[in-house]
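The next block holds one structure in the form of structure tokens; read it before the comments.
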Amino acid sequence: MKKTLILFIFSISILQAYIGCYSQGCTVFIDNNNSTRFTFTSTGVQYRWIGSGMMSDVEEIQEAPKLKIIIITLESNCDASSKEYGRGKWSWSNGGFTIEFKNEVFAFGRQELEIQTDKELGCQMKYNDY
């Protein structure tokens, strides 16, 4: 009798969640990255910051209406794009990262992206970016 070895391989994709704040409020963005491109999709659930400094955290606002779902793509060359906001740029600093469009800025405080970039220092924020 011939014995057959059957090997099952499972691929587990771990998605990261980021809290991003913009003019409409704060919400969770889920990434679908492939190391050179991030596609963020917002959940629309509203959050608020509580506390300050190292002790700050976020909590869901229970009765708040859901925000509009937003999809933002970040490229390895520091470009950002969104159907709702057009083309923009993203950059990081020690305090987190931002995504800037002409009429909107998304701030992700104290969070890091794991993305390979085309530039020597990545998409590091410069002092004159503000």
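Below are the figures for this structure:
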{"item": "Lone unmet requirement of (1) closer than 17 Å to Ala107 by Cα; (2) under 14 Å from the mean Cα position of the chain (by Cα) for Tyr85", "result": "(2)"}
{"item": "Filter result (surrounded by 13 or more Cβ atoms within 10 Å (Cβ to Cβ), at pLDDT below 90 and small (Gly, Ala, Ser)) within segment 26-54", "result": "none"}
{"item": "Selection within segment 27-60 - of a type in the set (Val, Ile, Thr) and either within 16 Å of Ala107 (Cα to Cα) or not in a loop (DSSP other than H, G, I, E, B) (or both)", "result": "Thr27, Val28, Ile30, Thr39, Thr41, Thr43, Val45, Ile50, Val58"}
{"item": "Any hit, segment 43-53, residues being among the small types (Gly, Ala, Ser) and within 15 Å of the chain's Cα centre (by Cα)", "result": "yes"}
{"item": "Residue pairs meeting the criteria (Cβ under 7 Å; at least 6 apart or on separate chains; first without any contact (Cβ under 8 Å) to a residue 40 or more places away in the chain and over 21 Å from Arg37 (Cβ atoms), in segment 91-103; second basic (Lys, Arg) and in a loop (DSSP other than H, G, I, E, B))", "result": "Gly95/Arg110"}
{"item": "Residue identified as surrounded by 16 or more Cβ atoms within 10 Å (Cβ to Cβ), at negative phi, without any contact (Cβ under 8 Å) to a residue 60 or more places away in the chain and acidic (Asp, Glu) among Glu112, Glu84, Glu75, Glu60", "result": "Glu75"}
{"item": "Check on Lys68, of a type in the set (Lys, Arg), touching a residue at least 24 places away in the same chain (Cβ under 8 Å), in a loop (DSSP other than H, G, I, E, B) and out of contact with any Asp or Glu (no Cβ under 9 Å at 6 or more places or on another chain)", "result": "no"}
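The values are calculated or read from the model by the stated rules, or taken from the named source; none is laboratory data. Quantities reported herein were computed from a predicted structural model and do not represent experimental measurements. Every residue, glycine as well, gets a Cβ built from its backbone with ideal geometry; the counts of neighbours run over all protein chains shown.
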